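Visitor: What follows is a single structure, and I will ask about it in a moment.
The values are calculated or read from the model by the stated rules, or taken from the named source; none is laboratory data. Note that the structure is a prediction, hence the values are computed from the model and not measured. For neighbour counting, all protein chains shown are included, and Cβ atoms are generated from backbone atoms with ideal geometry for every residue, glycine included.
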Amino acid sequence: MRRDRAGSAIAARDAGLRRVTRLTWQVAAAGAVCSALIAAAFGHGTSQQSASQRGASQTQTGSTGQTPRSGHQHHGKHRGSGLVIPSQPPAPAPGAGQVTSGGS
Amino acid sequence: MRAAAAPPAVTRETFRVFGTTATLLLSGSAAMPAARELADAELAAVDLACSRFRADSELTRVNSAGGAATDISPLLATLIGEALRAARLTAGDVDPTCAAALAALGYDRDFDEVKARATRGSRGKTASAASTGRGLDAPAGRVPGWRKVELSTDPPRVTLTGGAQLDLGATAKAWAADRCAEVIAAQLGCAVLVSLGGDIAVAGEAPAGGWRVRVTDDHAAGPDAPGQTVAINAGGLATSSTTVRAWESHGRKLHHIIDPATGKPARSIWRTVSVAAGRALDANIVSTACIVRGASAVGWLTEMNLPARLVREDGTTVTTAGWPDDPAPATAKPS
């Protein structure tokens, strides 16, 4: 009798442990799914915000139109910043300048 | 034995425009009168489009439209578009909506008149407090901001909202230098350097050794003023400084480079910044932004790989991205 009771107690404990383990896995899986969903949602929100900001800028600056005098030659390379860097940096030169660059 | 061919002669012409000094240098046999005629036509068009001090300019009409949409010329649309591009590229550090802030500081007319009025004021003669920059003591606050400018180019039209007023001084002059150099080189087939108040653009095949430019605090200083001489073959070079286009009001020193965050003259660790770029316009956008940014400008320039020379208030210099070492940094500060 006592052995039966001990056996059923062990079985109940094992069943409880299995339930706890299963529950733990389910919670972990649900957490992972939620994390992925949240990450996707925030990532999507960020890119949407950037896109809308860019769109707003285009509207404000009217950059979609053509203007006859906007086609300057650029002597350099465009960087990610949009500024044109020079094809080469200034070189040292001796003596005085032919012209002066200063504040005006 | 034959003598080496002499390098092509360089011809020069200097004249006044936009309240500053313009210089044309031509290499080769191109006729200066023809180059000057081309430059004059471009500069006159830019002045009529965007002078803040001419009653008949398009910009004056835009600024006095009270927020109504205003049809504008393609040229002014381009100039405003470039000013907005400057604001975008500098995260708003170079902002075209600082006209009201400048006017509040007393810079509401041609600069020669501003200086003359400041001089009269300092001698104790009559000068309206409001018109001589008492605005410095007022809580100026952030300028309206470039996002208050709605520009469309087809048809060209602009609307200023939120009380914004435009000043294109930070970009239009350099744009005009690029434009003049491009037009002269293309139409006359020569090498040319155009300097508008120190905003320098070059086009065509440069003379051997490049164009020699003295970088210094004041563009009107002589070719051997304290500073450094460098040579450029293409693109542009521009310098911004707090020491020039500066005036005094009520005992306080003011200058024209506005920090959009405060609406007041930028308080910078740099007195002068020179930048080389693919065009004079971009060089000037960056040099102006560096004055506003202060210490963080060095990292920004390095990140963009833009060669620059930055002069601190004490005359010591910092250079970036391949700008030649400064053999003898200037320490003298202009009075």
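Visitor: Hey, can you tell me all the residues within segment B:192-211 that are at the interface with another protein chain (Cβ under 8 Å from one of its Cβ atoms) and surrounded by fewer than 22 Cβ atoms within 10 Å (Cβ to Cβ)?
Guide: B:Gly209, B:Gly210
Visitor: Looking at this structure, is B:Pro327 modelled with pLDDT under 95, farther than 25 Å from B:Thr262 by Cβ and not aliphatic (A, V, I, L, M)?
Guide: Answer is yes for this residue.
Visitor: What do you reckon, is B:Asp217 under 15 Å from the mean Cα position of the chain (by Cα), more than 22 Å from A:Leu83 (Cβ to Cβ), acidic (Asp, Glu) and within 13 Å of chain A (Cβ to nearest Cβ)? First the steps, then the outcome.
Guide: Details: under 15 Å from the mean Cα position of the chain (by Cα): yes; more than 22 Å from A:Leu83 (Cβ to Cβ): yes; acidic (Asp, Glu): yes; within 13 Å of chain A (Cβ to nearest Cβ): yes.
Yes: the conditions hold for B:Asp217.
Visitor: A follow-up question, please. So for segment B:179-191 (the condition being of a type in the set (A, V, I, L, M), within 7 Å of chain A (Cβ to nearest Cβ) and touching a residue at least 60 places away in the same chain (Cβ under 8 Å)), does at least one residue qualify? It would help to see each step written out before you state the result.
Guide: Let us first name the residues in segment B:179-191 that are of a type in the set (A, V, I, L, M), namely B:181, B:183-186, B:188, B:191.
Now narrow it down to the ones that are within 7 Å of chain A (Cβ to nearest Cβ): none.
Checking segment B:179-191: not a single residue is of a type in the set (A, V, I, L, M), within 7 Å of chain A (Cβ to nearest Cβ) and touching a residue at least 60 places away in the same chain (Cβ under 8 Å).
Visitor: For B:Ser287, are the conditions met, namely being at the interface with chain A (Cβ under 10 Å from one of its Cβ atoms), in a helix (DSSP H, G or I), of a type in the set (Ser, Thr, Tyr) and out of contact with any Phe, Trp or Tyr (no Cβ under 8 Å at 6 or more places or on another chain)?
Guide: Taking the combined requirement at face value, the residue satisfies it.
Visitor: Please state which of the following conditions B:Thr239 fails to meet, knowing it meets all the rest: (1) more than 21 Å from B:Asp95 (Cβ to Cβ); (2) hydroxyl-bearing (Ser, Thr, Tyr); (3) modelled with pLDDT of 95 or more.
Guide: All conditions pass for B:Thr239, except number (1).
Visitor: Name the residue that is surrounded by the most Cβ atoms within 10 Å (Cβ to Cβ), counting only residues in segment B:26-53 that are closer than 10 Å to B:Cys190 by Cβ and within 13 Å of chain A (Cβ to nearest Cβ).
Guide: Only one residue fits best here, namely B:Leu26.
Visitor: Among the residues of segment B:66-77, what is the count of those that are within 8 Å of another protein chain (Cβ to nearest Cβ) and crowded, with 24+ Cβ neighbours inside 10 Å?
Guide: 1
Visitor: Checking B:Thr161 against (1) surrounded by fewer than 16 Cβ atoms within 10 Å (Cβ to Cβ); (2) modelled with pLDDT under 90, only one condition comes out false. Which one?
Guide: Result: B:Thr161 fails condition (2) only.
Visitor: Just to be sure I understand, how many residues within segment B:221-252 are assigned to a strand (DSSP E or B) and more than 14 Å from chain A (Cβ to nearest Cβ)?
Guide: At the first step, the residues of segment B:221-252 found to be assigned to a strand (DSSP E or B) are B:228-232, B:235-241, B:246-249, B:252.
Retained after the next criterion (residues that are more than 14 Å from chain A (Cβ to nearest Cβ)): B:248-249, B:252.
The total comes to 3.
Visitor: Scanning segment B:55-96 for residues that are in contact with an Asp or Glu (Cβ under 7 Å, 6 or more places away or on another chain) and in a loop (DSSP other than H, G, I, E, B), which turns out nearest to B:Arg157 (Cα to Cα)? Break it down stepwise before answering.
Guide: Initial filter on segment B:55-96 (in contact with an Asp or Glu (Cβ under 7 Å, 6 or more places away or on another chain)): B:72-73, B:76, B:87, B:96.
Applying the additional criterion that residues be in a loop (DSSP other than H, G, I, E, B) yields B:72-73, B:96.
Details: B:Ile72: 5, B:Ser73: 8, B:Pro96: 16 Å.
Among them, the one singled out is B:Ile72.
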